[in-house]
1. I need the full set of residues from region 102-114 which are charged (D, E, K, R) and within 15 Å of the chain's Cα centre (by Cα), in order please.
2. So how many residues does region 14-52 have that are in contact with a strand residue (DSSP E or B) (Cβ under 7 Å, 6 or more places away or on another chain) and either among the small types (Gly, Ala, Ser) or within 14 Å of THR107 (Cα to Cα) (or both)?
3. When only residues in region 5-34 that are of a type outside the set (A, V, I, L, M, F, W, C) and touching a Leu at 6+ places or on another chain (Cβ under 8 Å) count, which is nearest to ILE73 (Cα to Cα)?
4. Are any of the residues in region 75-88 modelled with pLDDT of 95 or more, surrounded by 11 or more Cβ atoms within 10 Å (Cβ to Cβ) and among the hydrophobic types (A, V, I, L, M, F, W, C)?
5. Which residue is nearest to the chain's Cα centre (by Cα), if the candidates are limited to region 65-101 and must be over 26 Å from GLU45 (Cβ atoms) and not in a strand (DSSP E or B)?
6. Cβ-Cβ under 6 Å, sequence separation 6+ or interchain: first residue in region 16-39 and free of Cβ contacts under 8 Å to residues at least 40 places away in the same chain and surrounded by 18 or more Cβ atoms within 10 Å (Cβ to Cβ), partner in a loop (DSSP other than H, G, I, E, B) and not hydroxyl-bearing (Ser, Thr, Tyr). Which pairs?
7. State the number of residues belonging to region 45-64 that are in a helix (DSSP H, G or I), of a type in the set (D, E, K, R) and touching a residue at least 24 places away in the same chain (Cβ under 8 Å).
Amino acid sequence: MEFKATQKFVLVSPKKVREIVLLIKKMNPSQAVEKLPFAKKRAAEFLRKVIITAIANAKQKNLDVTELEFKEIQINEGPRLKRYRAGARGRAKPYKRKMSHIRVVLTTQKSEVLNPKSKTDTNVQNVKSKTKKKNI
């Protein structure tokens, strides 16, 4: 099963958020939530909140938190705000404030894989039943 959480229009540049993602993407989500406050980056708090929301979505389905792992963490660019600073000789110096969209997808460690044997058994039974009809 997959559990998703998103946070849009975060006023931190995507580059800064991706730095934090590199630290946690190999961890368990519960471990990441514990270690993110010590990252000493402003972006870590936004990412921590999104992970907590995704974990809460999994708890709604009565799943154990220890079985979860990150499937994907996407940091996309949001819109940019155009701003100006005062420059020399009364001029305006433009700059852009960048925003991020954060998307976290969690999945269970034990993936629900269909048993290939049962799938082939049904195909074999269908073929046998067709051949019997032809013989009759």
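The values are calculated or read from the model by the stated rules, or taken from the named source; none is laboratory data. None of these values were measured; they are calculated from a predicted model. Please note: Cβ atoms are built from the backbone with ideal geometry, for glycine as well, and neighbour counts cover all protein chains shown.
1. Residue satisfying the conditions is ARG103 alone.
2. Selection size over region 14-52: 4.
3. PRO29
4. Among the residues of region 75-88, at least one is modelled with pLDDT of 95 or more, surrounded by 11 or more Cβ atoms within 10 Å (Cβ to Cβ) and among the hydrophobic types (A, V, I, L, M, F, W, C), which makes the answer yes.
5. GLY87
6. Close Cβ pairs (under 6 Å, with a partner that is in a loop (DSSP other than H, G, I, E, B) and not hydroxyl-bearing (Ser, Thr, Tyr)) amount to ILE20/ALA39; ILE20/LYS41.
7. 1
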